[in-house]
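Quick one: the structure is below, questions incoming.
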Amino acid sequence: MENGEKYYLRLKYATDTDIKRFTKIQAEANPFDENWQIYFEEREELKIRNELKGRTVINRLYKTQNGICPVCGEKITIDTDFRVHQTIQNNITLKTLVHPWCHRKLHIDDEENTLAL
Ligand SMILES: [Zn+2]
Ligand SMILES: [Zn+2]
């Protein structure tokens, strides 16, 4: 998890400064290595945030969830920020909006679940 953690923190920092600058894929990154799971998910999320179509997806998810994070049951707001968690069920990719810290928790609790993307 050490490498994933490192890049996660880098991306987190990048979100505060310049979103686009850090989205370039790292040469050694392997999408099939579960250590990179969060890293790729965060990249996907940055893409979603940057695209108009992506914002529609976020708005739809937000409405579907009534603005509630399914992990802790608390409201997701501009202040709390969010992450887009993806899981594959029956070949369908499900996206869920969760708090950034709840997202970390999901991946720590569920490390052996290789289906989580
Ligand atoms: Zn939460
Ligand atoms: Zn996730």
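The values are calculated or read from the model by the stated rules, or taken from the named source; none is laboratory data. On a predicted model such as this, the values are computed, not experimentally measured, just so you know. Note: ideal-geometry Cβ built from the backbone for every residue, glycine included; neighbour counts use all protein chains shown.
Any chance you could count how many residues in the range 45-94 are within 16 Å of ligand 1 (Cβ to nearest atom), farther than 17 Å from residue 106 by Cβ and more than 14 Å from the chain's Cα centre (by Cα)?
Of the residues in the range 45-94, 8 are within 16 Å of ligand 1 (Cβ to nearest atom), farther than 17 Å from residue 106 by Cβ and more than 14 Å from the chain's Cα centre (by Cα).
Could you pull out every one of the helices (runs of 4 or more DSSP H) wholly within the range 1-88 that has 1 or more residues that are at pLDDT 85 or above and within 14 Å of ligand 2 (Cβ to nearest atom)? If you could, list the steps in order and put the result at the bottom.
Working: elements: 2-16, 37-50, 52-64.
Output list reads 52-64.
Of all residues in the range 89-102, how many are on the phi > 0 side of the Ramachandran plot and near ligand 2 (Cβ under 10 Å from one of its atoms)?
We begin by selecting, within the range 89-102, every residue on the phi > 0 side of the Ramachandran plot; these are 90-91.
From the residues that got through so far, the ones that are near ligand 2 (Cβ under 10 Å from one of its atoms) too are none.
Matching residues across the range 89-102 total 0.
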